[in-house]
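Notes to accompany the following structure.
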Amino acid sequence: MQPKRDVVVLDYGSGNVRSATRALEKVGANVTLTADREAAAEADGLVVPGVGAFAACMAGLRAVRGHEVVGRRLAGGRPVLGICVGMQILFERGVEHGVESEGMGEWPGTVEQLQAHPLPHMGWNTVDVPAGSVLFDGVEKDRFYFVHSYGVRRWVMPPPERLKAPLVTTCTHDGDSFVAAVENGPLSATQFHPEKSGDAGLHLLENWVRSL
C-alpha cells in the first residue's frame with residue numbers, strides 16, 4: 001500500500017482553499033493549509049490555488065514569498081499544482097481591464113480576456129487531452145467545472161530540444177480556444193476547478209497525488 005503523501009495547500013489569501021483541502025484529503029493525501037514557507041518547500045506536493053484578479057493573486061503570493069517557494073521547488077524537481085488563477089499566475093503576464101501585471105514567468109504567455117460570449121465562462125465543459133497525460137488518465141472524456149473570464153489563448157512555448165515537451169490540454173468556449181491544463185515535468189496546472197468537478201475532478205487530483 002502506497003504511503004500517504006504530504007500536500008501543502010498554500011494559504012496566501014486567495015479563496016477556494018477549503019474545498020481544495022477537502023478534495024485532496026478525500027483522495028488520500030495528508031493536507032496542511034498554511035503559508036509557512038518551510039512546510040510548503042518540504043511537502044511532497046504543493047498546491048497553489050487562486051480565484052479573482054491576476055494582480056491581486058500575485059500580490060498575495062509575493063506577500064508570503066510564495067513565488068520563491070514555487071521556484072525553489074521546481075529547481076529541485078518537486079511537484080507543484082496550480083489551480084484556476086493559481087495556474088494563470090504561472091505565466092509571464094496578465095492583462096485585465098487594460099492593466100498589465102507581471103506573473104511568475106514559469107511559462108511564456110499572456111493571460112487575457114476570452115473572446116467569447118457569455119462571460120464569465122461558467123459551468124461544465126469537455127477538454128481536448130493530449131496523448132500520454134498523467135493528470136487526465138481515466139477521465140479524458142469527462143467534463144470539468146470552469147469559472148473564469150480570462151485565460152491563455154495562445155501557447156507560445158517552443159518545444160524543448162532535449163527535454164520532454166509539455167502536455168497542453170485545451171478547451172473551447174463559444175469558438176475561443178484556451179489552455180485548460182498543462183503538465184510540464186514537476187509543474188502542473190488546471191484552469192478549471194478539479195475540487196468542484198465531482199468524481200472526474202477527484203480522479204484527476206488522485207492521479208496527481210499518486211504521481212508525487
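For the stretch 15-157, give me the percentage of DSSP beta bridges that are antiparallel, rounded to the nearest 5 percent.
The antiparallel fraction comes to roughly 70 percent.
With an 8 Å Cα cut-off and a minimum separation of 6 or more residues, compute the relative contact order for the chain in percent.
For the chain, the relative contact order is 20 percent.
For the stretch 103-171, what is the relative contact order in percent, using Cα pairs closer than 8 Å and at least 6 residues apart in sequence?
Relative contact order here is 45 percent.
Just the number, please: carbon plus sulfur as a percent of the accessible area of the stretch 1-58, 1.4 Å probe, no ligands or DNA/RNA counted.
Carbon-and-sulfur percentage of accessible area, whole number: 47.
Taking only the alpha-carbon atoms of the chain, what semi-axes of the equivalent ellipsoid follow from 5 times the gyration tensor eigenvalues under a square root, in whole Å, largest first?
23, 20, 17
Of the peptides 177-189, 19-31, how do they stack up when ordered by the mean number of other Cβ atoms within 10 Å, highest first?
Ranked from most to least packed, the peptides come out as 177-189, 19-31.
Accessible area, 1.4 Å probe, largest first: how do 107, 155 sort?
155, 107
Starting from the alpha-carbon convex hull of the stretch 105-202, give the projected area averaged over all orientations, in nm².
Hull-based average projected area comes out at 6.4 nm².
Counting only heavy atoms of protein chains, what accessible area per residue, in Å², does the chain have with a probe of 1.4 Å?
Per-residue accessible area for the chain comes out at 46 Å².
Just order 196-207, 163-174 by mean Cβ neighbour count inside 10 Å, highest at the front, would you?
196-207, 163-174
Once you list every other residue whose beta carbon is under 11 Å from the beta carbon of residue 153, what net charge do they have if Lys and Arg are +1 and Asp and Glu are -1?
Residues near residue 153 contribute -1 overall.
When the accessible area of the stretch 59-109 is split by element with a 1.4 Å probe, what percent falls to carbon and sulfur?
Ligands and nucleic acids excluded, carbon and sulfur give 47 percent.
Compute for the stretch 2-114: radius of gyration divided by Kirkwood radius, i.e. Rg/Rh, restricted to C-alpha atoms, rounded to two decimals.
Radius of gyration relative to Kirkwood radius: 0.98.
In debye, nearest 20: dipole of the chain around its Cα centre with unit charges on the Cβ of K, R (+) and D, E (-)?
Taking the Cα centre of the chain as origin, the dipole is about 280 debye.
Which of 178, 159, 149 sits closest to the plus end of the dipole of the stretch 148-188, meaning its Cα is farthest towards the positive end, when Lys and Arg get +1 and Asp and Glu get -1 on the C-beta?
Of the listed residues, the answer is 159.
What is the dipole size for the stretch 73-145, taken about its Cα centre, with +1 at each Lys and Arg Cβ and -1 at each Asp and Glu Cβ, in debye to the nearest 20?
Magnitude of the dipole: close to 240 debye.
Out of the total accessible area of the stretch 114-212 (probe 1.4 Å, heavy atoms of protein only), what percent is carbon and sulfur?
50
Return the distance in nm (one decimal) between the two label points of a simple spin-label model at residue 25 and residue 97, each offset 7 Å from Cα along Cα→Cβ.
3.6
Once you keep just the Cα pairs under 8 angstrom separated by 6 or more residues, what percentage relative contact order results for the stretch 119-212?
Contact order relative to length: 31 percent.
If packing is taken as the average count of other Cβ atoms within 10 Å, what order do 123-132, 62-71 fall into, highest mean first?
Highest mean packing first, the order is 62-71, 123-132.
What value does the stretch 1-59 have for Rg/Rh, both radii from Cα atoms and Rh as Kirkwood defines it?
1.00
The values are calculated or read from the model by the stated rules, or taken from the named source; none is laboratory data. Given the structure is predicted, the values throughout are model-derived calculations rather than measurements. Virtual Cβ from ideal backbone geometry, glycine too; neighbours counted across all protein chains shown. For the accessible areas, the whole protein counts, side chains as well, though only heavy atoms, and no ligand, DNA or RNA atoms are used. Shrake-Rupley method; radii C 1.70, N 1.55, O 1.52, S 1.80 Å.
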